[in-house]
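One structure below.
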Amino acid sequence: MSADRLRLLVLHAEHEDNETFSYQRGWPRAFARDARYECSLVNLQGNRWRRGLQVALQLRRARPDAIVLLHSVFSNACFLNDWARAAVRSARVPKVFFIGNEYKLMPEKMALADELGIALLVSQSHSEAVHALYRERLGCAVTGIPNTGFDPEVFRPVRPRPERPIDLGYRSSPSPLYLGHDERETIAERFHVAGRRRGLVLDLSLRSEDRLPEARWAEFLNRCKGQLGAEAGGDFFELTDATRHAVEAYRSEHPEATLDEVRKLFFADRRRLPMRIISGRNVEAAATGTVQLLLAGEYGGYFQPGVHYIAVENDYANLEVVLDQFQDESLCERIAGAARDLALAELSYARLLDRFDAALRKVLP
């Protein structure tokens, strides 16, 4: 192993279903560009025989110092089939697992980490309490890195604010009830009504068909003066999926169940460990100089209310004040500029890979 340039086998899955998740396309590209690494990338999309063969051949050819499994390997589904698993499991080098969607399929993801003998788990959470649970369960090193950085060549200001034709934009998807909230739907509904009353030009959607692939998403952000948003994730974290399964079982028997009903039954008396993370949409909007109107939150410890975003109270009591602030051009220019400066300093893929590199080298032999 070179003291500086490391050989990495980087596994990822690129397919039509994750075309609109820019981080699942951005991370492989960022690894390939990083001068600290000599990367062999394997896309696990394709037939199972070919996937297993590709991994085995690259292990033999590349002789990596470490194997990296990116979020797309196991987010909503596992793309590491039996043959590929066997090849990775048998490799006597440290393995790193960027775990995705830390609110579902957690027992299966823990089982995969056990099977492969993960040396380093990269969580999307910055919570030390969450990291402690992982360390206790897996016995490996754990670090927290946002799931999404940004590529400055893709996400950058192209249009100045006065030339952007859309006042407020938003692209998301409805929150599953097992997260215990409906923030995405509510913020879109509240601003749709209040924005129209103010005569704002709005482009807000939670429809999957309106989500945009990376380049078009960057173009959309550059057409918007502002973006709505909230932290990703939910207000509880567990490794068992017990609450998710209980909520889904209840809804299968009571398909008309409301969020209030689900909250009372499954969340009211629970001691909660939050799993809230900064969203890629937050990072990418900041990178394009688009001012953000966000529900108040931690945002991974990065964005501060009134400095990097206009804060919306969770009960929307300050909605009209927020819209007044949004129509203050000098305030918005200052906030958007501060958020972009922060993103450039700390949230590009290059900066996130600095943190990854420091954590990786601690687990290398």
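Points worth noting:
- Residues of the range 64-115 classified as in a helix (DSSP H, G or I) and in contact (Cβ under 8 Å) with a residue 40 or more places away in the chain, total: 8
- Members of the range 214-260 that are closer than 19 Å to Lys104 by Cα, crowded, with 17+ Cβ neighbours inside 10 Å and small (Gly, Ala, Ser): Ala232, Gly233, Gly234
- Test: residue in the range 269-288 that is part of a loop (DSSP other than H, G, I, E, B), at pLDDT 95 or above, touching a Lys or Arg at 6+ places or on another chain (Cβ under 8 Å) and not assigned by TED's automatic domain parsing to the domain that holds Arg25: yes
- Screening Ala359, Ala317, Ala311, Ala338 for residues that are in the same structural domain as Glu284 (by TED's automatic domain parsing) and within 21 Å of the chain's Cα centre (by Cα) leaves exactly one candidate, Ala311.
- Some residue of the range 97-120 being in contact with a helix residue (DSSP H, G or I) (Cβ under 7 Å, 6 or more places away or on another chain) and of a type in the set (Ser, Thr, Tyr): yes
- One residue from Ile166, Ile187, Ile145 being of a type in the set (Val, Ile, Thr) and either touching a His at 6+ places or on another chain (Cβ under 8 Å) or farther than 28 Å from Asn318 by Cα (or both): Ile145
- Selection count where residues are among the polar types (S, T, N, Q) and farther than 23 Å from Ser123 by Cα, scope the range 55-80: 1
- Unmet requirement for Leu239, which otherwise passes all of (1) modelled with pLDDT of 95 or more; (2) out of contact with any Pro (no Cβ under 8 Å at 6 or more places or on another chain); (3) part of a loop (DSSP other than H, G, I, E, B): (2)
- Extreme residue, farthest from Arg7 (Cα to Cα), among residues of the range 26-61 that are assigned to a loop (DSSP other than H, G, I, E, B) and in contact with a helix residue (DSSP H, G or I) (Cβ under 9 Å, 6 or more places away or on another chain): Gly46
- Where helices (runs of 4 or more DSSP H) sit wholly within the range 305-365, those with at least 3 residues that are over 30 Å from Leu121 (Cα atoms) occupy 319-326, 329-346.
The values are calculated or read from the model by the stated rules, or taken from the named source; none is laboratory data. As the structure is a computational prediction, the values presented were derived from the model and not from experiment. Neighbour counts are summed over all protein chains in view; Cβ atoms, including those assigned to glycine, are modelled from backbone coordinates with ideal geometry.
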